[in-house]
Amino acid sequence: LNVSGAIEITADGTINGADSVTAEFANGVLGDIQLTSTNGAVTLAGAGQIKGENLTVSAATGATLGTEVAAIDANITGTGALTVTEVDDLQVLNATASNGPVSLTAGGNITGAGNVTAGNVAGNAGLAVTINAGGTVNLSTSSNQVSGASLALTAGNGATIESDVSQFTASVTG
């Protein structure tokens, strides 16, 4: 699906497929994409399968996203994981799974002022957050910006994190 402009897709069930979803104007400027699955999941996991400026995702039962976007705002409202694999840099506006783990992977930097939360509505322990960046991770603009039961972090060039987790493992590879 290639659209000259913004894309908004809303479904009662699952949104999935193998084709790319690209929002790009004729002049090469990228448009915003909004994907909403009221009672299902969003599964568009191919490398760079979703291409646009800002990506907003809301799904009931999880999302697995292969992206080439500037920024993401994703919310899983029910039980399910949030998994994002970004081609290059990723700005986090919000990445929340109400009752599931969160995994963010980027070929470049992961930055932003939004929260990264792996929640567990059945208890207060939370679930796992995994962050992997080929570049730098900077999620430190507010207290407890990253929260869950555990955080596993790998960064190529360093990391600054404000977190509320019980277990924390980190590796800087560069």
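Summary table below
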quantity: Flag for ASP32 being open to solvent by 40 Å² or more (accessible area, probe 1.4 Å), farther than 22 Å from GLY119 by Cα and at pLDDT 95 or above; calculated: yes
quantity: Residue list for the range 1-29, restricted to those being open to solvent by less than 50 Å² (accessible area, probe 1.4 Å), closer than 26 Å to GLY78 by Cβ and small (Gly, Ala, Ser); calculated: ALA11, GLY13, GLY17
quantity: Matching residues in the range 1-21 - criterion: being modelled with pLDDT under 95 and not small (Gly, Ala, Ser); calculated: LEU1, ASN2, VAL3, ASP19
quantity: So SER37, is it in contact with a Gly (Cβ under 9 Å, 6 or more places away or on another chain), modelled with pLDDT under 95 and on the phi < 0 side of the Ramachandran plot; calculated: no
quantity: Any hit, the range 82-93, residues being charged (D, E, K, R) and more than 19 Å from LEU44 (Cβ to Cβ); calculated: yes
quantity: Search result, residues across the range 79-108 that are among the acidic types (Asp, Glu) and open to solvent by 40 Å² or more (accessible area, probe 1.4 Å); calculated: ASP88, ASP89
quantity: Residues (open to solvent by 60 Å² or more (accessible area, probe 1.4 Å) and under 24 Å from THR77 (Cα atoms)) located in the range 116-140; calculated: VAL121, ALA122, ASN124, ALA125
quantity: From the options ALA170, ALA155, residue that is buried (at least 19 other Cβ atoms within 10 Å of the Cβ) and modelled with pLDDT of 95 or more; calculated: ALA155
quantity: In the range 110-143, the residues that are over 18 Å from THR169 (Cβ atoms), aliphatic (A, V, I, L, M) and modelled with pLDDT of 90 or more; calculated: ALA113
quantity: Filter result (within 11 Å of VAL42 (Cα to Cα) and either open to solvent by 40 Å² or more (accessible area, probe 1.4 Å) or β-branched (Val, Ile, Thr) (or both)) within the range 65-74; calculated: none
quantity: Scan of the range 10-26 for residues that are assigned to a loop (DSSP other than H, G, I, E, B) and farther than 20 Å from ALA71 by Cα, ordered by number; calculated: ASP12, GLY13, THR14, GLY17, ALA18, ASP19, ALA26
quantity: Answer residue from the range 158-167, given it is at pLDDT 95 or above and assigned to a strand (DSSP E or B) and is most open to solvent (accessible area, probe 1.4 Å) among those; calculated: THR160
quantity: All strands (runs of 3 or more DSSP E) inside the range 93-157 with 3 or more residues being among the β-branched types (Val, Ile, Thr); calculated: 128-133
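The values are calculated or read from the model by the stated rules, or taken from the named source; none is laboratory data. None of these values were measured; they are calculated from a predicted model. Positions of Cβ are backbone-derived with ideal geometry, glycine not excepted, and every protein chain shown enters the neighbour counts. To get the accessible areas, we keep the full protein, side chains included, count just its heavy atoms, and leave off ligands, DNA and RNA. Shrake-Rupley method; radii C 1.70, N 1.55, O 1.52, S 1.80 Å.
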